[in-house]
Structure formats: C-alpha cells, structure tokens
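Undergrad: Please find one structure pasted underneath; my questions will follow.
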Amino acid sequence: MERAPLRDKTFGKLTWDDTLDYWNGHADIPGVGPVRISVDSEDDPDISPETAFDNARRAYRTLRDKEPAARDFAAEALLDTHNQAWNEGAPIDEAAFADKLTLEDISFHPDGSAELFYNAADLFGGHTLIVTIDEDGTFDDAEIAG
C-alpha cells in the first residue's frame with residue numbers, strides 16, 4: 001500500500017518502505033553526523049504506531065548522548081575475538097577498536113529497543129557490527145553480522 005511521506009517532529013521526513021514495513025529517514029548523531037534510521041511502528045499488535053514513534057524518539061534522545069559508549073561497549077565485547085581470531089598484525093586496544101567503528105544505521109523497534117549498525121573497517125573482514133540496546137537504554141549485546 002502506497003503511503004505518503006510523513007514529517008516527524010524529531011526525525012524530519014520519513015518515507016515508507018513497503019518491502020520492510022518500516023519508515024526510513026536520516027537523523028543526526030552528535031560527533032557522527034547523519035545516519036540512516038528506520039522506525040518499525042507496525043510489527044507489535046500490542047503497541048500503537050503513535051507509541052512506537054514515542055519510544056523511537058526516546059531511544060534516539062538516549063543514543064544521541066550514549067553513542068560513544070556504544071562503540072566502547074562493542075570494543076569491550078569483541079576485542080578479544082578480533083585480536084585472537086581476526087587480527088593479522090599486532091594486537092590493538094579497546095580505544096583503537098572503538099575508533100575504527102562508524103555508525104551507519106539505527107533500527108528502532110516498537111518497544112523502544114534499537115539496533116546500531118556499525119561499519120567495522122577492517123576489524124572483521126568487512127562484516128558489520130550490531131550493538132543492541134534494550135528499551136531501557138542499556139547496551140544488551142554486540143555481535144558480528146554477516
């Protein structure tokens with residue numbers, strides 16, 4: 001079903017993706033710049049689209065302040081894996097690991113949880129890293145995708 005773009009008070013212009021059933025757009029993260037975002041407002045029958053957007057806005061406000069901590073969380077969780085199984089040179093430290101991560105996408109879920117998708121440079125052979133954040137804004141997991 002064709003949906004007209006909407007203008008959100010926090011995210012600006014969002015367009016509907018029929019394939020994924022998400023609203024897509026861009027949002028600015030301080031120190032990072034604009035990143036692609038998706039807002040899932042349809043997948044949970046117990047959460048209205050309005051509440052899903054309220055939850056996404058709340059998660060976004062949290063992430064604006066905590067994005068460097070998300071990279072640090074990923075570095076702490078995955079540094080040993082990198083140094084022991086993927087690194088072909090001298091071991092790196094957490095700061096060097098975190099500095100290589102570039103936030104590219106954020107996917108907001110109806111309950112207020114989110115996934116942050118990072119370009120991991122050469123850390124894991126081109127694989128993306130995903131940091132998940134629960135609905136309370138707590139970092140939950142960091143994993144290698146793909």
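Undergrad: I want to confirm something. Restricting to the stretch 1-21 and keeping residues that are among the hydroxyl-bearing types (Ser, Thr, Tyr) and more than 18 Å from the chain's Cα centre (by Cα), which single residue is surrounded by the fewest Cβ atoms within 10 Å (Cβ to Cβ)?
TA: The selected residue is 19.
Undergrad: Right, something else. Quick check on my filter: what residues within the stretch 77-105 are in contact with an Asp or Glu (Cβ under 7 Å, 6 or more places away or on another chain) and either touching a residue at least 60 places away in the same chain (Cβ under 8 Å) or more than 23 Å from residue 62 (Cα to Cα) (or both)?
TA: 79, 103, listed by residue number.
Undergrad: Check 76, 42, 67, 50 and return the single one that is among the acidic types (Asp, Glu) and within 16 Å of the chain's Cα centre (by Cα). Don't jump to the end; show me each part of the working.
TA: Details: 76 fails: within 16 Å of the chain's Cα centre (by Cα); 42 fails: within 16 Å of the chain's Cα centre (by Cα); 50 fails: within 16 Å of the chain's Cα centre (by Cα).
One residue alone meets the criteria, 67.
Undergrad: Restricting attention to the stretch 71-95, report how many residues are closer than 25 Å to residue 32 by Cα and aromatic (Phe, Trp, Tyr).
TA: So the count comes out to 1.
Undergrad: Hey, another quick one. Considering only residues that are touching an Asp or Glu at 6+ places or on another chain (Cβ under 8 Å) and part of a loop (DSSP other than H, G, I, E, B), which ones fall in the stretch 106-122?
TA: Hits for the stretch 106-122 are 109, 110, 111, 112, 113.
Undergrad: If you take just the strands (runs of 3 or more DSSP E) that sit entirely in the stretch 1-104, which of them hold at least 3 residues that are more than 20 Å from residue 131 (Cα to Cα)?
TA: It comes to 6-8, 12-17.
Undergrad: Would you mind finding the one in 83, 87, 24, 55 that is within 23 Å of residue 111 (Cα to Cα), of a type in the set (S, T, N, Q) and surrounded by fewer than 19 Cβ atoms within 10 Å (Cβ to Cβ)?
TA: After applying the criteria, what remains is 24.
Undergrad: Can you run down the residue pairs with Cβ atoms below 6 Å, 6 or more apart or on separate chains, where the first is in the stretch 45-62 and under 16 Å from residue 136 (Cβ atoms) and touching a residue at least 40 places away in the same chain (Cβ under 8 Å) and the partner is outside any helix (DSSP H, G or I) and of a type in the set (S, T, N, Q)?
TA: 57/10
Where a number appears in this text, it was derived from the coordinates with a stated rule and is not lab data. This one's a predicted model, so the numbers in the text were calculated from it and none came from an experiment. Methodologically, a virtual Cβ is constructed for each residue, glycine included, from the backbone with ideal geometry; neighbour enumeration extends over all protein chains shown.
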